[in-house]
Every structure is written in C-alpha cells, then in structure tokens.
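Since the structure comes first, as structure tokens, the remarks are kept for the end.
The values are calculated or read from the model by the stated rules, or taken from the named source; none is laboratory data. None of these values were measured; they are calculated from a predicted model. Cβ atoms come from the backbone with ideal geometry, glycine included; neighbour counts cover every protein chain shown. Just the protein is used for accessible areas: all its heavy atoms, side chains included, with ligands, DNA and RNA removed. Shrake-Rupley method; radii C 1.70, N 1.55, O 1.52, S 1.80 Å.
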Amino acid sequence: QGEVRFENVVFAYDPERPILKGIDFAVPAGRTVAVVGPSGAGKSTLSRLLFRFYDVSGGRITIDGQDIRTVSQTSLRAAIGMVPQDTVLFNDTIRYNIRYGRWEATDAEVEQAAALAQIDDFIRSTPAGYDTEVGERGLKLSGGEKQRVAIARTILKSPPILVLDEATSALDSYTEREIQEALERVSKNRTTIVIAHRLSTVVGADEIIVLNEGRIVERGTHGELLDRG
Ligand code: ADP
Ligand code: ADP
C-alpha cells in the first residue's frame, strides 16, 4: 500500500512559464525514489503538488491508483509524512514535539521513536535547552538535533508515504551521516520520495530521477548513473 505515480505532470505557477514539463515516474509501494537536481529544477514544486498545496496544470498524480484530487485533505495528510530540511519546533518539551506526530501515542511509543532517532537524551528539554524536570538550562538543540526531532515525529506518525527533504548542506558530515542513518531506518519498507541536491546522498534509492529545468533528464540506479558519468 502507498504506490505513488506521477503521470505526465505539468505545472506552472505562472501560465507563461511552465515549471514542470511532463513528469512521469512511479514509486512502487515500499520503495524509494530519489529526485535529484540543481536548485530551481522543480524538486520542491513536485513535492508541493503531492501535498496538494497546488493542483497540477496537466496530467495527474495518483496514490494507489486514485487521483489525489479525489482524496480528502485529511486522508492525504494521514497518508504522507514529511521530514523538512528546516524544522520549526514548539517551545515545549521535545516529548511534546514528538507527540505532535500522533497525539494518541503512549509514552512508551514516544520514547521508542526518540530512541530510534537518537534524541532520547533531550526528551524532557525544550528546543532552547530548558530541562523541564530539573528546572535547569542546558544546551540548545543544534540543527541536526532538531531534524532528528522531526524524524522521531514522523516515526511516531508512521505514514505509508514519506517525503524527505534532504538538503542537509548546513550540517557537518558527522551529523549528516547520523541523520542519513536515521532516515534510512524510517524509510525502510515505506514508500519514500527523497529530494536531494547531490547524488552522493541517495546511494540506497531503488531509482534516481535527475530533474533539470522541469524535465527528467536521466534516470537509473546510483551505479548506472555513475557509469554514464
Ligand atoms: P528546486 O526545489 O529544485 O530548487 P523549485 O521547485 O523550488 O526548485 O523551483 C522551480 C522553479 O519554480 C524556480 O524557477 C522557482 O523560481 C519557481 N518557483 C518556485 N516557487 C514558486 C512560487 N511560489 N511562485 C512562482 N515561482 C516559483
Ligand atoms: P508535520 O510538519 O509534523 O508533518 P504539519 O502540521 O506541518 O505537521 O503537517 C501535517 C501534515 O501535512 C504533514 O505530516 C504532511 O502530511 C502534510 N504536509 C504537507 N506539506 C507539508 C510540508 N511542506 N511540510 C510539512 N508537512 C506537510
């Protein structure tokens, strides 16, 4: 469950200037497809269309064969989880911030999600580092730690489809690798679309789609794309 399909998708913010010019790809349920390309290629636009921030100008997007224009906003939000590159957190405990993924979750489930994302140490603190139990100020969360909170939230929400915005350029390489590993754990057996700038970060994807100026200019596995140079 959770097959995503873009069928000849065309989109323009401004009718004079098409941004996506006929995008065709499918992500089989449980698989991972990475969309790679330079800034301005149309990657974010593509994910906004999947969330129906905008509707396609032509073609269609389906989930399990159903045109997303016929799916309620509530079901769409339940079906798709997003790990954005810049996470804005509530000024409340990390526990609360994780629970936002699914309010009904038990404490044990929240803690398990925190452990998978490796932020168990922060669970009582706020993003600014205030420990609500001890009543002391500690270290502020770094960008990488905030992103791990978003990952924990998504683990808890457990949607069949994931969109990972992976432009982790602002992170040091140690943090980047930690996040990479956490993301791999979340995306396992889930339909996943990874949005990335660089080919090097999407080695594990089942298929990589290279987008340029609103068109798919290349596609294949990581190895195939490297062989073609
Ligand atoms: P990427 O994510 O690959 O960097 P985007 O999807 O953000 O690319 O942008 C693709 C093109 O669409 C760019 O030329 C950008 O200027 C344009 N664009 C993005 N968002 C908007 C918007 N809200 N209104 C008009 N043009 C936009
Ligand atoms: P969250 O950021 O925790 O996912 P939001 O209230 O921002 O929570 O969004 C709820 C749901 O809306 C998300 O889980 C996702 O399915 C959908 N959504 C759509 N677009 C976005 C986006 N750009 N960033 C985050 N969530 C989005």
For this session: Can you give me the ranges of the strands (runs of 3 or more DSSP E) entirely in segment 112-229 with at least 1 residues that are open to solvent by 80 Å² or more (accessible area, probe 1.4 Å)?
Result: 215-220
Exercise. Counting just the residues of segment 12-24 that are open to solvent by 10 Å² or more (accessible area, probe 1.4 Å) and touching a strand residue (DSSP E or B) at 6+ places or on another chain (Cβ under 9 Å), which one comes out nearest to GLU224 (Cα to Cα)?
Worked result: ASP24
Exercise. Does at least one position in segment 29-37 carry a residue that is near ligand 1 (Cβ under 8 Å from one of its atoms), assigned to a loop (DSSP other than H, G, I, E, B) and modelled with pLDDT of 95 or more?
Worked result: no
For this session: Under 8 Å between Cβ atoms, at least 6 apart or on separate chains: pull out the pairs that start in segment 173-202 with a residue that is of a type in the set (Gly, Ala, Ser) and end on any residue that is in a strand (DSSP E or B).
Result: SER187/THR32; SER187/LEU162; SER187/LEU164; SER187/VAL194; ALA196/ALA34; ALA196/VAL35; ALA196/VAL36
Exercise. If only one of GLU133, GLU166 is at pLDDT below 90 and within 14 Å of the chain's Cα centre (by Cα), which one is it?
Worked result: GLU166
For this session: Tell me which residues, restricted to segment 72-104, are without any contact (Cβ under 8 Å) to a residue 40 or more places away in the chain, open to solvent by 30 Å² or more (accessible area, probe 1.4 Å), within 12 Å of ligand 2 (Cβ to nearest atom) and closer than 17 Å to GLY2 by Cβ.
Result: THR74, SER75, ARG77
Exercise. If we scan segment 48-69, do we find a residue that is closer than 23 Å to VAL9 by Cα, modelled with pLDDT under 95 and in a helix (DSSP H, G or I)?
Worked result: yes
Seminar exercise, completed: Per the list (1) within 16 Å of ligand 1 (Cβ to nearest atom); (2) assigned to a loop (DSSP other than H, G, I, E, B); (3) within 18 Å of the chain's Cα centre (by Cα), residue check on ARG102 breaks on (1)
For this session: Answer yes or no: is there a residue in segment 108-115 that is touching a helix residue (DSSP H, G or I) at 6+ places or on another chain (Cβ under 7 Å) and without any contact (Cβ under 8 Å) to a residue 12 or more places away in the chain.
Result: no
